[in-house]
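For reference, the structure is listed below as structure tokens.
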Amino acid sequence: MSNRLTSGIFLVSLATLALELLLTRVWSVLTFYHFAFVAVSLAMFGLTVGAILVYRLPGYFARRSTEFYLSASALLFSVSLIFSFMTELCVPFVASKSIVGLYLAGFLFCVASLPFCFSGICIALAFTCFSAHIGKLYAADLAGAAVGCLFFALALSVSDGPTAIFLTAGIAALAAYLFAEGAETTSLRKWALILAVSAGAFAYANAVLAHGQKPLISFLWSRGQRSERPVYEKWNPFSRVTVMGDLAEASDPHGWGLSTTYKPEKKIKQLWLELDSFSQTPITEFSGDFKDLDFLKYDVTNFVYHLKQAPRVFIVGFGGGRDLLSALSFGARSVTAADINPDIIGTVNGRFGDFSGHLDRDKRVKFAAEDARSFITRYREPLDIIQISVIDTGVASGSGALALTENSLYTVEAWTTFLKRLAPDGIISCTRWYSSKGPGEIERLVAVARAALLRLGVKDPRRHIVVVSANDSDGNENAKPATAVLVSPQPLSDAVLDAVSENADRFKFEVLLSPRKAATKVLDAVVSGTANGGRAVGTFVNLEPPTDDSPFFFYMLRPLDLLLHPDETPATSGSYLKAEFILAQLLIVVATLTGLCIFVPLWSGGDRQMLKSGWSYLLYFCAIGFGFIFVEISQMQRLIIFLGHPTYSVTVVLFTLLLASGIGSYLTQKVPDSRLEKSMTISLAILLVLMALYWLVTPAVLERCQFSEGLIRVSCAAGILFPLGVLMGMAFPLGFRLAGRRFERLKPWFWGVNGAASTCGSVLSVAVAIGAGLSAAYTLGFACYLVALATLLWSGKAGRLPSQTCLQNSPNGS
């Protein structure tokens with residue numbers, strides 16, 4: 001086996017993983033954030049379909065040399081990649097329950113999965129026809145995927161989405177060129193070279209033009225609506241930052257919860273900063289005169305500043321700079337603004353610095369381009385105010401897994417940390433939406449605050465909490481006014497409570513909750529601790545406080561209640577409820593397709609006897625497929641806070657596990673056939689022991705290193721994951737060699753089964769994490785590897801069937 005084969009597999013795998021991650025970014029802009037997650041499942045499904053085609057069409061793939069079909073499939077991977085991307089840009093996505101809407105969604109999903117089908121054919125052919133070298137090939141596959149993670153992050157850091165897509169197509173074409181060296185025709189090699197050079201040249205030209213804000217390819221549609229051309233556009237691995245608006249146009253001031261008493265005296269200029277065409281925040285023109293920002297005093301978001309003088313402020317989410325302007329206009333003596341997205345800070349202070357007033361030049365201001373919770377964990381100065389204003393985390397789901405849609409700002413552990421960083425009389429001010437129609441975000445925030453105070457030893461949390469609403473409904477019962485939840489580590493004094501009442505009356509705000517009163521029985525029950533998660537107040541909305549193990553604040557219906565009581569919609573989380581329904585539907589669809597991919601090919605191909613004899617291998621490959629994805633997803637979420645960013649967590653976890661698994665796979669090359677079963681048993685047993693130790697020991701290790709520099713934290717995370725990855729990487733190649741000896745003809749099917757399990761596991765792991773917590777997802781991963789070990793002990797009972805050469809008459813069989 002030549003180096004060109006392993007190099008080609010490396011490049012195909014690199015392009016496959018990069019495309020999978022890029023699709024989550026592209027679909028976050030084109031569709032809705034929860035459909036970006038669907039792209040991951042469809043990618044895995046496409047790979048599985050490719051493997052099944054290799055199994056079902058052995059005669060077709062035996063007509064010419066294996067190298068020819070490897071090159072052809074890699075070339076089609078490159079061509080279909082460009083075709084599918086351009087099609088996705090041209091077809092508007094409309095979220096609709098109609099037949100036309102479902103057809104459109106299905107069409108786009110099929111188009112998106114097409115490149116992965118050709119990638120799956122390429123990898124399945126290589127694994128099947130060169131199975132004697134499966135350890136080396138699987139190592140190249142995993143190493144390529146690991147580098148694909150780095151390529152994704154680097155490409156979007158220096159260019160835009162379309163540029164990265166075409167670069168990926170060029171890489172796939174380069175793989176086709178390498179494969180074609182051993183083919184019997186030179187035409188494939190020529191076309192592969194032409195496509196690789198053309199894709200690279202186009203990517204370079206588009207990158208240069210995009211840097212000047214004139215890209216060759218732009219997005220015509222976003223969420224089914226015609227997309228306007230932005231004033232400014234910047235991509236990074238976790239968002240697409242755009243600025244919309246007219247620099248010359250003035251309008252009335254915008255506020256999340258402006259008092260009805262405010263009467264605008266003059267218009268101001270504002271631009272709108274958008275993330276993935278989903279989340280908007282205003283960039284307000286600031287000339288240096290705070291008199292122009294008088295309207296900020298009337299916003300309920302800034303109500304806390306009427307209670308504190310010259311405060312030391314920490315702002316969670318810099319956004320367009322509105323909260324920072326508010327703090328400065330109220331005379332803050334120091335302000336630290338943390339934002340998880342460095343391009344937001346750079347856009348506001350850099351490209352639009354003259355417009356926004358160059359807030360970075362104020363000596364009172366400091367910026368931190370980091371996850372706010374991770375940063376404040378290491379922050380040592382006492383604070384008077386921590387401000388969290390309408391921080392939505394839906395955009396974060398573009399990282400590729402719905403389990404990552406929360407950044408753990410709204411958990412008991414997070415608020416415990418926030419309260420510890422406050423001065424004794426400091427205040428957390430968190431603004432969300434309130435509805436009088438039923439419980440939702442505000443009630444759950446109060447539950448979080450109460451649980452955090454109890455952890456700090458507070459006996460009566462009610463004396464520490466105030467809730468103030470903008471009350472801008474004007475009689476509209478469907479209105480969702482901005483509402484501020486104020487929490488202090490020490491009991492609120494009578495003077496503070498008097499100030500709350502006076503300012504609420506002054507601005508015509510409504511005090512929904514204070515130590516003196518509660519506007520609703522639900523709020524009263526939640527703050528008193530008698531709500532019983534919502535059951536005691538007659539609602540199915542989950543009012544239990546989220547924790548780091550289950551940080552899904554916005555998902556307020558338990559899985560069982562979602563099925564039994566779908567009409568019990570949380571009043572302020574409709575879009576997240578839609579995501580829950582989509583997840584449930586997707587789980588059913590994926591589980592069905594997974595079953596079809598596993599059993600129909602065998603049943604229709606007359607291999608029922610093989611299925612009956614090889615059930616243990618079926619279970620084995622399903623178990624390791626599920627186990628790997630369960631461990632991967634749970635650890636991505638778990639390490640977000642420690643590493644400081646969802647993208648860092650995704651990159652570090654994926655890169656480490658894939659690279660380590662590649663090394664583990666490579667090491668299996670040295671295992672002789674006579675010791676396969678013994679080596680598999682030992683490696684799986686050691687893996688189970690390490691997984692148990694990992695779960696018990698790592699919390700203390702992470703806590704010890706959480707105050708270290710970023711490079712040390714990355715090294716720590718990679719170091720504790722690496723041993724697991726090495727052992728998990730041994731499971732597939734060893735099992736593939738053992739199963740292939742007994743069921744030669746089923747080798748591509750075994751690869752497809754493993755992929756199908758990963759497809760289903762990618763959805764199931766998210767459902768488990770939301771319903772039972774991340775620890776449950778990890779425990780299921782442990783259980784899956786335990787099942788793999790158990791089935792391995794039974795595999796010797798399966799009878800050996802007559803072996804067949806790879807794909808019948810292929811001249812390049814193993």
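The values are calculated or read from the model by the stated rules, or taken from the named source; none is laboratory data. This is a predicted model, so every value here is computed, not measured. With ideal geometry, Cβ positions are generated from the backbone for all residues, glycine too; neighbour counts draw on all protein chains shown. Heads up: the accessible areas ignore ligands, DNA and RNA and are worked out on the full protein's heavy atoms, side chains in. Shrake-Rupley method; radii C 1.70, N 1.55, O 1.52, S 1.80 Å.
So is residue 791 among the polar types (S, T, N, Q), in contact with a helix residue (DSSP H, G or I) (Cβ under 6 Å, 6 or more places away or on another chain), modelled with pLDDT under 85 and buried (at least 16 other Cβ atoms within 10 Å of the Cβ) or not? Spelling it out, it is not the case that residue 791 is among the polar types (S, T, N, Q), in contact with a helix residue (DSSP H, G or I) (Cβ under 6 Å, 6 or more places away or on another chain), modelled with pLDDT under 85 and buried (at least 16 other Cβ atoms within 10 Å of the Cβ). Looking only at segment 294-324, filter to residues that are of a type in the set (Gly, Ala, Ser) and free of Cβ contacts under 8 Å to residues at least 40 places away in the same chain; which one of those is nearest to residue 352 (Cα to Cα)? Ranking the candidates gives 321 first. Here 127, 109, 118 are screened, and the one residue that is farther than 30 Å from residue 220 by Cα and assigned to a helix (DSSP H, G or I) is 127.
When residue 717 is tested against the conditions (1) at pLDDT 90 or above; (2) buried (at least 21 other Cβ atoms within 10 Å of the Cβ); (3) under 28 Å from residue 791 (Cα atoms); (4) not acidic (Asp, Glu), the lone failure is (3). Every listed requirement among (1) surrounded by 24 or more Cβ atoms within 10 Å (Cβ to Cβ); (2) under 19 Å from residue 634 (Cβ atoms); (3) at pLDDT 90 or above is met by residue 694 save one, (1).
Candidates in segment 63-107 are the residues that are more than 25 Å from residue 2 (Cβ to Cβ) and surrounded by 23 or more Cβ atoms within 10 Å (Cβ to Cβ); of these, the one that is farthest from the chain's Cα centre (by Cα) is 81.
Only a single item in (1) surrounded by 24 or more Cβ atoms within 10 Å (Cβ to Cβ); (2) in a loop (DSSP other than H, G, I, E, B); (3) touching a Ser or Thr at 6+ places or on another chain (Cβ under 6 Å) is not met by residue 340, and it is number (3).
Within segment 304-339, the set of residues being of a type in the set (A, V, I, L, M), over 25 Å from residue 498 (Cα atoms) and touching a Phe, Trp or Tyr at 6+ places or on another chain (Cβ under 9 Å) comprises 316, 324, 325, 335, 337, 338.
Note on segment 424-448: among residues that are out of contact with any helix residue (DSSP H, G or I) (no Cβ under 7 Å at 6 or more places or on another chain) and not in a helix (DSSP H, G or I), the one that is farthest from residue 510 (Cα to Cα) is 424. Could you go through segment 164-181 and let me know if any residue there is open to solvent by less than 10 Å² (accessible area, probe 1.4 Å), at pLDDT 95 or above, farther than 21 Å from residue 71 by Cβ and part of a helix (DSSP H, G or I). Yes, some residue in segment 164-181 is open to solvent by less than 10 Å² (accessible area, probe 1.4 Å), at pLDDT 95 or above, farther than 21 Å from residue 71 by Cβ and part of a helix (DSSP H, G or I). In segment 424-446, the qualifying residues are those that are open to solvent by 10 Å² or more (accessible area, probe 1.4 Å) and among the small types (Gly, Ala, Ser), and the one that is nearest to residue 539 (Cα to Cα) is 438.
Quick one: would you say residue 368 is modelled with pLDDT under 85, among the aliphatic types (A, V, I, L, M) and either in contact with a Ser or Thr (Cβ under 8 Å, 6 or more places away or on another chain) or crowded, with 23+ Cβ neighbours inside 10 Å (or both)? It is false that residue 368 is modelled with pLDDT under 85, among the aliphatic types (A, V, I, L, M) and either in contact with a Ser or Thr (Cβ under 8 Å, 6 or more places away or on another chain) or crowded, with 23+ Cβ neighbours inside 10 Å (or both).
Here residue 280 meets each of (1) modelled with pLDDT of 90 or more; (2) among the polar types (S, T, N, Q); (3) open to solvent by 10 Å² or more (accessible area, probe 1.4 Å) with one exception, condition (1). Among the residues of this structure, residue 201 counts as one that is modelled with pLDDT of 95 or more, over 16 Å from residue 77 (Cβ atoms) and surrounded by fewer than 20 Cβ atoms within 10 Å (Cβ to Cβ).
Residue-wise test of (1) at pLDDT 95 or above; (2) open to solvent by less than 30 Å² (accessible area, probe 1.4 Å); (3) more than 32 Å from the chain's Cα centre (by Cα).
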{"site": "188", "(1), (2), (3)": "no, yes, yes"}
{"site": "197", "(1), (2), (3)": "yes, no, yes"}
{"site": "208", "(1), (2), (3)": "yes, no, no"}
{"site": "240", "(1), (2), (3)": "no, yes, no"}
{"site": "261", "(1), (2), (3)": "no, no, yes"}
{"site": "264", "(1), (2), (3)": "no, no, yes"}
{"site": "269", "(1), (2), (3)": "no, no, yes"}
{"site": "274", "(1), (2), (3)": "no, yes, no"}
{"site": "296", "(1), (2), (3)": "no, yes, yes"}
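Against the conditions (1) among the aromatic types (Phe, Trp, Tyr); (2) assigned to a helix (DSSP H, G or I); (3) within 28 Å of the chain's Cα centre (by Cα), residue 219 satisfies every one except (2). Can you find even one residue in segment 706-713 that is touching a residue at least 12 places away in the same chain (Cβ under 8 Å) and not in a helix (DSSP H, G or I)? Yes, that holds for at least one residue. Somewhere in segment 331-341, is a residue among the hydroxyl-bearing types (Ser, Thr, Tyr) and touching a residue at least 60 places away in the same chain (Cβ under 8 Å)? The answer is no, given that none of the residues of segment 331-341 is among the hydroxyl-bearing types (Ser, Thr, Tyr) and touching a residue at least 60 places away in the same chain (Cβ under 8 Å). Summed over segment 664-682, the residues that are under 31 Å from the mean Cα position of the chain (by Cα) and under 24 Å from residue 783 (Cα atoms) give a count of 2. One residue alone among 740, 761, 755 is open to solvent by 10 Å² or more (accessible area, probe 1.4 Å), closer than 21 Å to residue 141 by Cα and not aliphatic (A, V, I, L, M), and that residue is 755.
Answer yes or no: is there a residue in segment 51-61 that is of a type in the set (Lys, Arg) and free of Cβ contacts under 8 Å to residues at least 24 places away in the same chain. No.
Pairing residues of segment 263-289 that are under 30 Å from residue 26 (Cβ atoms) with residues that are modelled with pLDDT of 90 or more and open to solvent by 70 Å² or more (accessible area, probe 1.4 Å), at Cβ distances under 9 Å and at least 6 apart in sequence or on separate chains, gives 270/285; 271/285.
Selection of segment 547-593 for residues being modelled with pLDDT under 65, over 22 Å from the mean Cα position of the chain (by Cα), over 30 Å from residue 453 (Cα atoms) and open to solvent by 60 Å² or more (accessible area, probe 1.4 Å) yields only 567.
Might you let me know whether segment 665-681 holds any residue that is modelled with pLDDT of 90 or more, in a loop (DSSP other than H, G, I, E, B) and not charged (D, E, K, R)? Scanning segment 665-681, I find at least one residue that is modelled with pLDDT of 90 or more, in a loop (DSSP other than H, G, I, E, B) and not charged (D, E, K, R), so the answer is yes.
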